[in-house]
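Read-outs: derived from the displayed coordinates by stated rules, not from any lab. Bear in mind that the values here come from a model prediction, so they are computed numbers and not experimental data. Positions of Cβ are generated from backbone atoms using ideal geometry, with glycine treated the same way; all protein chains shown enter the neighbour counts.
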Amino acid sequence: MSTSGPTSPPKSVSPKPVSPKPVSPKAASPTSAAASPPPAALDVTVQGDVTTTLHPELEAETYTESAYSESEVGSYTTSLSSSVMHYRFENGRRYHSQSMTDTNYFLPNDEAENDRLDLNHHVMFLIQKGKLHAAPLKDPQRILDVGTGTGIWAIEMADEYPMANVVGNDLSPIQPRWVPPNLTFEVDDVEKEWTHKPDSFDLVYIRYMVGSIKDWPKLLKQAYTAVKPGGYVELLEPDSTLRSDDGSFPEDSALAEWGRLFTGGARGIGAPLDDTPKFSDYLRDAGFTDISREIFKLPNSPWAKDAHMKEVGGYQMAAFIEGLEALSLFFFTTVHGMSVPEIEILLAQVRKDMKNKAIHTYFNLFRYVARKPETA
Ligand SMILES: C[S@@+](CC[C@H](N)C(=O)[O-])C[C@H]1O[C@@H](n2cnc3c(N)ncnc32)[C@H](O)[C@@H]1O
């Protein structure tokens with residue numbers, strides 16, 4: 001498919017009032033955080049053919065100040081600029097072209113969004129303790145990255161496996177031109193019929209595609225066809241539901257209201273953000289076996305006591321705050337009928353909640369690995 005540049009703006013706006021309630025640090029004070037137990041051992045359960053691993057609990061740090069400062073937020077962003085954030089493009093804010101697809105992908109594909117994706121890649125890298133994948137690959141020959149975004153994962157995989165051919169596809173041709181010789185990018189709509197040769201990939205990798213995909217069972221069936229017998233599919237997807245275990249996240253906060261609008265918006269366009277727990281069923285129905293599911297708690301700010309999880313939360317906060325407007329605009333205008341000024345008022349409160357040290361939220365992040373049987 002051709003790789004000409006996208007230009008379409010997001011859809012139009014109509015007003016609907018919203019009244020977010022700010023959260024005072026006092027009102028949001030944790031009650032049980034100080035008494036939390038130390039991180040628990042991994043909790044593994046086996047049900048039928050699905051093994052679920054729950055990673056340790058998070059324990060909250062005790063702070064004297066009430067909010068993360070601008071410089072704390074900024075330090076996580078700027079410390080990355082020389083490493084993972086150099087895949088930049090000089091265009092203004094933009095969305096993918098509607099000319100090649102009728103899909104409603106909700107995020108922009110501009111420089112600010114690409115920076116957020118690269119920050120998010122770093123968060124994923126950290127939370128997986130420096131691993132790019134969990135599937136047990138042995139001399140892979142072909143790897144497919146579905147919805148590659150900036151291509152950062154595909155580039156690092158091509159470097160890590162120089163003997164493999166890596167392919168990254170996406171609606172938008174936003175990937176860098178100068179990439180490792182064993183990597184190619186394709187413009188493609190992955191909800192349409194795949195044209196890859198059946199039984200040809202050692203790994204089909206899918207990350208942060210919730211909110212983009214309307215028909216997950218179909219996508220995973222196409223992945224099954226594309227994977228070699230004995231090969232793997234791997235998914236790393238959040239359930240996008242803001243949670244807290246210590247009573248520190250008031251339901252009437254602007255952040256909680258934002259979370260409801262966000263997941264409701266995705267449901268409104270038919271591409272749910274919170275269907276992730278169902279993926280083991282979809283994988284099994286597609287024909288995959290040996291399904292393993294790991295659930296990471298992904299903190300949304302550096303509230304954890306544990307140094308590693310604090311770092312994860314810091315970068316996650318920076319990515320979340322940087323992406324907040326992009327994550328909100330399409331759903332909030334088209335599905336909820338909010339005006340841009342209304343959204344900006346809400347987002348100002350949401351940013352305050354995100355920086356509030358007394359609020360300890362996290363997302364569940366699901367990592368699935370599943371194998372195509374040798375003899376299908
Ligand atoms: C949230 S980003 C994640 C990018 C990348 N997987 C990562 O984890 O960094 C989702 C990406 O999927 C792409 N996308 C959305 N719908 C798509 C579709 N139907 N076909 C191909 N790509 C799609 C978007 O253009 C965007 O680059």
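Figures for the structure shown
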{"item": "Cα gyration tensor, segment 189-299 - rounded (a/c under 1.5), prolate or oblate", "result": "prolate"}
{"item": "For GLY168, distant residues with modelled amide H under 5 Å away", "result": "ASP145, THR184, PHE185, GLU186"}
{"item": "Sequence-separation-based contact order of segment 238-326, relative, with Cα cut under 8 Å and 6+ spacing, percent", "result": "18"}
{"item": "Surrounding net charge for MET157, when Lys and Arg each add one and Asp and Glu each subtract one, Cβ distance under 12 Å", "result": "-3"}
{"item": "Cβ crowding within 10 Å averaged over residues, with 263-270, 163-170 ranked highest first", "result": "163-170, 263-270"}
{"item": "Prolate/oblate/rounded label for segment 263-376 (Cα gyration tensor, a/c 1.5)", "result": "oblate"}
{"item": "Whether segment 330-376 is rounded, prolate or oblate, judged on the alpha carbon gyration tensor where a/c under 1.5 counts as rounded", "result": "oblate"}
{"item": "Cα-Cα over 27 Å, subset of LYS214/LYS310; LYS192/LYS297; LYS228/LYS278; LYS138/LYS221", "result": "LYS214/LYS310; LYS192/LYS297"}
{"item": "Sequence-distant aspartates and glutamates (8 or more away, or on other chains) whose Cα lies within less than 20 Å of LYS197", "result": "ASP139, ASP145, ASP170, GLU186, ASP188, ASP189, GLU234, GLU374"}
{"item": "Residues LYS218, LYS192, sorted so that the one with the fewest Cβ neighbours within 10 Å comes first", "result": "LYS192, LYS218"}
